[in-house]
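The structure appears below as structure tokens.
The values are calculated or read from the model by the stated rules, or taken from the named source; none is laboratory data. The shown structure was predicted, so the numbers you read here are calculated from the model rather than taken from an experiment. Cβ sites come from the backbone with ideal geometry, for glycine too, and all protein chains shown count toward neighbours. Just the protein is used for accessible areas: all its heavy atoms, side chains included, with ligands, DNA and RNA removed. Shrake-Rupley method; radii C 1.70, N 1.55, O 1.52, S 1.80 Å.
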Amino acid sequence: MIKLNNIYKIYNTGGTEVRAVNGITLHISKGEFVAIVGQSGSGKSTCMNIIGCLDVPTSGEYILNGKDVSTLSDDELSYIRNQELGFIFQQYNLIQKLTVLENVELPLIYRNMPEKERRELAMEALKKVGLSDMAKRYPQQLSGGQQQRVSIARALAGNPSVILADEPTGALDSKTGIEVLEFIKKLHQDGNTIVLITHDNSIAEKAKRIVRIQDGQIIEDRQNGGK
């Protein structure tokens, strides 16, 4: 499903070359739950941006569902993001002036999906995260944990091939963070492919496979029982 082959991302700042990703090869199969873990500056976020088609590598090959996306244009990458990928962000990235339902519908609107169909899919996604009764509320009327569950529903609504969760518990207290992680584990149990980005080893241990990045390189790739 995901194949990163000898990926480099090199920045030149003030005449200094920075290899944010330094020759990474990583293959993720359909249905896996993988945590990419590393400290700030390790290259994990750059790796996530490449997997999420938010950035392109300087060199190397990225195959997503059999298609080489490493050389696509911005418009083509935007289309892939909308069709193939679901995102869960640390800060939720909800639009405050839209209702919960409208936030979940948003990626489907960009697909030009008919209103009736997208409403049904959005409500189904909200039901999966236990928030169907809050569809008409606005984000500011919800707790942090509920807002993150809305973002999970938004990621689910379009039935993406891969769900990318970028520090999904970073803005939450520990108890609420555990609850959100349980939702993400449930998504995996339902057959979704999950790539979780974190700096926290205890969160990474929830995944079935742990990939550790340091100085832009993979230093560990192991199967894990998950907790």
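Just one residue in the set I95, I88 is among the β-branched types (V, I, T) and touching a Ser or Thr at 6+ places or on another chain (Cβ under 7 Å); that residue is I88.
Among the residues of region 48-74, those that are closer than 22 Å to G23 by Cβ, of a type outside the set (S, T, N, Q) and assigned to a helix (DSSP H, G or I) comprise M48, I50, I51. Looking only at residues in region 192-227 that are farther than 20 Å from L172 by Cβ and of a type in the set (K, R), the one that is least open to solvent (accessible area, probe 1.4 Å) is R209. Regarding Q96, is this residue closer than 30 Å to D200 by Cα and either in contact (Cβ under 8 Å) with a residue 60 or more places away in the chain or in contact with a Gly (Cβ under 6 Å, 6 or more places away or on another chain) (or both)? Against the criterion (closer than 30 Å to D200 by Cα and either in contact (Cβ under 8 Å) with a residue 60 or more places away in the chain or in contact with a Gly (Cβ under 6 Å, 6 or more places away or on another chain) (or both)), Q96 does not qualify. Consider region 113-129 and keep the residues that are within 20 Å of the chain's Cα centre (by Cα) and open to solvent by less than 80 Å² (accessible area, probe 1.4 Å). The one that is modelled with the lowest pLDDT is V129.
Here L77, L94 are screened, and the one residue that is open to solvent by less than 40 Å² (accessible area, probe 1.4 Å), closer than 25 Å to D190 by Cβ and not in a strand (DSSP E or B) is L94. When the criteria are applied in full, G41 meets the requirement of being in a loop (DSSP other than H, G, I, E, B), open to solvent by 20 Å² or more (accessible area, probe 1.4 Å), on the phi > 0 side of the Ramachandran plot and without any contact (Cβ under 8 Å) to a residue 24 or more places away in the chain. Given the criteria in contact (Cβ under 8 Å) with a residue 24 or more places away in the chain, more than 22 Å from P168 (Cα to Cα) and surrounded by 15 or more Cβ atoms within 10 Å (Cβ to Cβ), does Y110 qualify? No: the conditions fail for Y110.
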